1. Subtract the Cα-Cα distance of ASP94 and PHE267 from 0.36 nm times their separation in residues, and report this length gain in nm to one decimal.
2. In 10 Å bins starting at 0, how do the alpha-carbon pair distances of region 116-197 split up by percent?
3. Would you please classify the overall shape of region 60-109 from the alpha carbon gyration tensor, given that a ≥ b ≥ c denote the square roots of the eigenvalues, rounded means a/c under 1.5, and beyond that prolate means a/b larger than b/c while oblate covers the rest?
4. Do you know the relative contact order of region 1-105, to the nearest whole percent, from alpha carbon pairs under 8 angstrom that are 6+ apart?
5. Only sites in a loop by DSSP and with at most 14 other Cβ atoms within 10 Å count here; which trypsin sites (Lys or Arg not before Pro) in region 1-104 make the cut?
6. Quick one: angle between helix 246-256 and the longest Cα principal axis of the chain, in degrees between 0 and 90, rounded to 10, please.
7. May I ask for the net charge around THR268, where only other residues with Cβ less than 11 Å from the Cβ of THR268 are counted and Lys, Arg are +1 while Asp, Glu are -1?
8. Helix 291-311 against the longest principal axis of the chain: what's the angle in degrees, Cα atoms only, rounded to the nearest 10?
Amino acid sequence: MSAILFWFILCGLLTGFVLFRKRPLPQAHGTAGREKISVIIPARNEENTLPALLDSLNKQTTKPGEIIVVDDHSEDKTKETAEKFGVTVVSAPDLPDGWTGKTWAVWNGYVKSTGDLLIFLDADIRLAEHAISSLVTAQKQQGGAISVVPYHLTEKFYEKLAMVLNLLGIFSFTSPFERLNRQKGLYGACICVSREDYDKIGGHGNIRAEMLDDLNLGARFQQAGIPVTNFTGSGLVFFHMYPGGFSHELQGFAKGAVLSTSAIHPFTIAAVVFWILGLLISELGCFSGIPYFVAGYLLYAAQIYYFNRHTGNFGILHPLFHFLSMIFFLVVILYSVINKTDFHIVCLPAFKTSDYPAE
């Protein structure tokens with residue numbers, strides 16, 4: 001029986017390598033193109049995260065033509081913080097019926113923008129100096145809409161507990177099965193698209209009521225015949241999530257950090273479930289001391305460490321003690337169910353949500 005379960009663990013490990021594809025955003029140096037670039041940043045209560053992003057935007061080799069921060073009824077000094085950097089600050093009007101908070105904020109930034117190329121960034125993003133050049137160059141080469149899954153920066157112990165959640169989200173965007181998926185989504189923290197293509201689908205106004213706005217936006221592009229391409233951001237695009245403490249992180253993931261199964265290829269879902277089951281079997285069996293399970297546990301640790309090198313700085317100990325991150329993953333699911341979060345899918349958490357409530 002142990003040998004059979006060990007082979008199951010090996011198959012789970014194999015599905016991890018099938019799902020994970022290194023597709024970093026190609027790095028481009030110097031300036032890129034002459035189009036006017038509009039950077040649009042929706043922000044609610046982001047006074048502590050905005051400075052890092054706005055400072056990194058000021059250091060870009062390709063300078064945006066305009067940077068628009070949409071202050072969405074913040075209760076802190078988000079607006080004053082943005083104004084200190086000399087960017088355009090837009091105060092979002094009251095939320096109308098039929099809109100979610102983030103889509104309304106993004107839409108109001110778009111309405112004020114004048115660029116030929118639109119870059120939508122979350123406030124907790126940080127950029128290397130060649131990031132804008134690389135985004136623009138990649139968009140020209142690929143055409144259509146591109147997005148980047150940022151490299152996950154962590155500092156505190158509790159932040160590293162999101163390691164498994166981070167990988168599950170990465171799998172959902174790098175899976176080879178998603179390349180032909182007509183419902184393929186974008187990663188909303190970093191999107192680059194031409195104004196022409198954005199206008200063609202009606203932009204965020206066409207998904208105004210959707211909670212999973214980035215996934216639905218990608219599907220709209222695909223339905224209009226506009227290609228969608230997703231990259232990973234290692235070395236160029238980063239984010240630092242939930243620095244406000246463990247409860248902030250738990251609530252943030254449980255609130256809505258989920259991918260709709262309707263937007264993901266069934267083969268991706270099956271492979272992710274298989275990877276999770278193999279991981280769980282290795283962790284539960286390892287405590288029995290049976291060599292097969294211990295070997296499987298260590299093989300998963302090595303695989304996770306390898307994946308983390310390209311996706312986030314989770315250190316060495318957390319891959320080795322990956323059962324802690326799996327426990328956190330299960331706690332997120334339980335917390336979501338107990339609090340009756342809109343948990344219409346079970347096992348595919350994305351790795352971040354905004355601070356917008358579910359209006």
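All of the numbers you see were taken from the coordinates with simple rules; none came from a lab. Here the structure is a predicted model, which means the values were calculated and not measured. No Cβ is skipped: glycine too gets one built from the backbone with ideal geometry, and neighbour counts run over all protein chains shown.
1. Value of the extension gain: 58.1 nm.
2. The percentages, shortest bin first, are 15, 43, 33, 9, 0.
3. oblate
4. It comes to 25 percent, rounded to a whole number.
5. On the way: sites: ARG21, LYS22, ARG34, LYS36, ARG44, LYS59, LYS77, LYS79, LYS84, LYS102; in loops: ARG21, LYS22, ARG34, LYS36, ARG44, LYS59, LYS77.
Listed in order of number, the matching sites are LYS22, ARG34, LYS36, LYS59.
6. With both axes taken from Cα atoms, the answer is about 80 degrees.
7. Working: positive: ARG179, LYS184; negative: GLU178.
Once all neighbours under 11 Å are counted, the net charge is +1.
8. 10
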